[in-house]
Amino acid sequence: HDIGPVDITIGTNLVDAGRTLADNVGGSAYNRFNNQIDGGTYTITVKEAGTETVVAKQEDVNLVKGASYTIFLKGSATGTGVKEKAVGILRNF
């Protein structure tokens, strides 16, 4: 809620730019599964939008070919422990 717009990369591929909290509520464009990535092991990185400043990252993420995932940023800007910034990943079945 207190982190500005972010860019999301999977490996070296920018998959979403300028995303903000709950930006998918106002329309359906962000609720589609538009980004197709080959199955494999990746690092998912969240950066401040338009910069190289890393907000959070998750390494060694195994993405299965043909599966769909919801990737999100959790935590708060100054959080620690369970409120620390981190990448969340849900496999959708």
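At a Cα cut-off below 25 Å, give the lysines reachable from LYS85, other chains included and same-chain residues fewer than 8 away excluded.
Output for LYS85: LYS47, LYS57, LYS74.
Taking H as built 1.01 Å from N, whose amide H comes closer than 5 Å to the amide H of ASP16, not counting residues under 5 places away?
It is ILE8, by chain and number.
Per 0.36 nm of contour for each residue apart, how much would the distance between VAL54 and THR80 grow if the chain were fully extended, relative to their Cα-Cα spacing?
Length gained between VAL54 and THR80: 7.7 nm.
No value in this document is a laboratory result; all are computed from the given coordinates. It should be emphasised that the depicted structure is a prediction, and the values quoted were computed from it without experimental measurement.
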